[in-house]
1. Return the value, in Å² to the nearest 100, of accessible area buried between chains A and B (probe 1.4 Å, both sides summed).
2. Could you tell me how many degrees, from 0 to 90 and to the nearest 10, lie between the Cα long axis of helix A:214-224 and the main elongation axis, the longest principal axis, of the Cα atoms of chain A?
3. As an exercise, use a Förster radius of 56 Å and the Cβ-Cβ distance of A:Y99 and B:L110 to find the FRET efficiency, rounded to the nearest 0.05.
4. Per residue, how much accessible area does chain A show when a 1.4 Å probe rolls over the protein heavy atoms, in square angstrom?
5. Quick one: helix B:129-148 against the long Cα principal axis of chain B, what's the angle to the nearest 10°, folded into 0 to 90?
6. Using only alpha carbon positions, build the gyration tensor of segment A:50-327, then give the equivalent ellipsoid semi-axes as the square roots of 5 times its eigenvalues, largest first, whole angstrom.
7. Find the Cα radius of gyration of segment A:37-100, compare it with 2.2 N^0.38 Å by division, and give the number to two decimals.
8. Past the 28 angstrom mark, what percentage of all C-alpha to C-alpha distances in segment A:183-337 do you count?
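The values are calculated or read from the model by the stated rules, or taken from the named source; none is laboratory data. All values reported here derive from a predicted model rather than from experimental measurement. Cβ sites come from the backbone with ideal geometry, for glycine too, and all protein chains shown count toward neighbours. Ligands, DNA and RNA are stripped out before the accessible areas are found, and what is left, the full protein with its side chains, is counted by its heavy atoms. Shrake-Rupley method; radii C 1.70, N 1.55, O 1.52, S 1.80 Å.
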Amino acid sequence: MQSFYKRHPVWSIILLILIAGFVWLIATPWPPGLEQVLGRKRIFLNAVLSGITLGALYFLVASGFTLIFGLMRNVNLAHGSLYLLGGYIGYEVANATGYWLLAFPVVFVLVGALGLVLQHQVFRRMEGEELRQTLVTIGISVVLADIMLWIWGGQSYQVLSPDWLSGPMTLPLVTALRSNGDPVYLTYPQVRIVILVAAIIIGIAMWLVLNRSRLGMLIRAGVDDRDMLAASGVRIQYVFLAVFAFGAGMAGMAGIVGGTFQSLTPGEDTRFLLASLVVVIVGGMGSIPGAAIGALIIGLAEQLGLVYAPTYSVVFTFLIMAVVLAFRPQGLLGAGR
Amino acid sequence: MTYVVRRAEPTQPTLFEKVPAIWWAVALLLIAMPLFASNFVLFQIFGWTFILGMIALSLMFLAGYGGMVSLIQMTVGAMAGYMVAILGTSGVPTISLGWPWWLYIPVAILIAAIFGTLVGALAVRTEGIYTIMITLAIASAFFYFTRQNYGLFNGYTGFNRVIPPELFGIDWRQATPFYYLTLTCAALSYFAVVYVSRSPFGLALQGVRDNPRRMGALGFSVTAHRILAYTFSSVIAAVGGILLVWQNSQVSPGTAGIPQVIDILVIAVVGGIKRPIGPFIGALIYVLLRVYSPDVLLAFGLSGERFKLVIGLGFLVIVFFSPDGVLGLWEKYKARRAAQTDPLRGGRS
């Protein structure tokens, strides 16, 4: 933080002003003049919160993708299929047993096992051949997509959230003032807030594991120099297997989350593959904080775009990616290698 | 006394002799095709093969000679198709401008080429796998944008009744004229790619593919060569896209949806990405599978909707065992035959 301020004083001040303005927009009731320009504050706050929760979902999907890429240089274009598969399996488990929470460990184990098979049988055979890996994973995603269409059909599924999560909750955010001066607080679906909190906890846990544990040390060393790590006696294939399984399992669990507050339909796999691509391109390949920032930016851009310029919301996402590519090709937090 | 020693003149092989006989046979077969093939085969199978082959050929040029795997080619084709629909005539008279054909076709190709060049300028900032991801992201942005934009691209429905102009009193959507139209365009783009690959530009491009740093040190502009390769391939993709729109007589966001974008890559890779003939072989295999696999699946008692599974599995098998596609398999077979018949390498003579 200190070094960033020292290197870019002007940018830091601009960023600080932007963040302060944003906080002011969220925290205080709006004067009437601003409401005329931007519409009701409730709508704005809703869009911001949806953006943040969508960003949390994107983060869950993209963190596995970016870890796998950062460590193994594998581009797993079947990542979206793992997401959708996890969602479908989670739906079946939650429906059969009635326990929403039970779906998470089951999906994590099953999809993680599929990830193990993929890494052991497919990627290990073609290590270093990036193009071939990409093509093979494209083939796998086509096959998986059609098998899922075969089993679950074309209709959309929704994973039902349990009773203790459904319903709205009141947030301490003022949307407007009543005529008698009482503040009106924002209400928002509880399940989304819970998912947001869970994503933040998972993100912090991943950061802790990566930066404070022995396994994390191995992974970071592998990201920096794979060959050197292997030469110093670490059985790097086991690290690869663990990371790939973890990333796949995360994608599967994100599928349940996505199935709970959106829906599961064929085609969601490419949507989320694409979202994770854009997120990691913006955030920087192989960086967990980068994935978090990228996911937040893309989620916010998508939702705010949907509210204020519905036709061009997709273009916003794309424009952000193009600008990042043009000025910082390695991504916002990517290492300059 | 002087003796005049008459040596046999070293004979230059004529063009006719230089080309292997099998090529002449294929060319003759293709030209004579309308004599015995049905309209369905001409229009649906071979017309479609040539069109998809051209779009995949533009990818092959980028990937094989430039080392850049771009997923934007189908989108560039769709862009040209949209421009034909917008500038020319279509079933949506409120948007279509109704320009004459000699104006809208070049302008459509030009706009698509500019679009492809811009995407290329963005994509060449990245390498290898990143190029795939960025072009895929741009292609899907185009898909979602056309689906939501009603002012220019007419949103979800797109444009229907986009038909080729009636030139020389011929209806070009009839099977035989359309077959010859696509055959001519495909042959022209094939020879254009072969010619460019042997031109100084093509050779420099292949040098850039193999060792960009050395080419840069020799004074070639790496970025300019790569972007120019995008421009050239965009022109081929644009012609293919226009023909595709004429064949379907409609263009919609689904023309360049994500599955279609991926299909072009599948076609190029299955055929073989090292040589310009590969994409056409891949396209023929793909079209045959697309058209006939539902029947075959039904014959085995499976649902006909599973053709994507068949295509995906076939693609997977080919990529898994032979990264160079069908052509690579053929070359492996030839090499093994040669080794078997070569007495020096332990084969029977």
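1. 3400 Å²
2. Value to nearest ten degrees: 80.
3. 0.40
4. That works out to 47 Å² for each residue.
5. 30 degrees
6. Taking √(5λ) for each eigenvalue gives 32, 22, 19 Å, largest first.
7. That works out to 1.59 for segment A:37-100.
8. Summing the P(r) tail past 28 Å for segment A:183-337 gives 31 percent.
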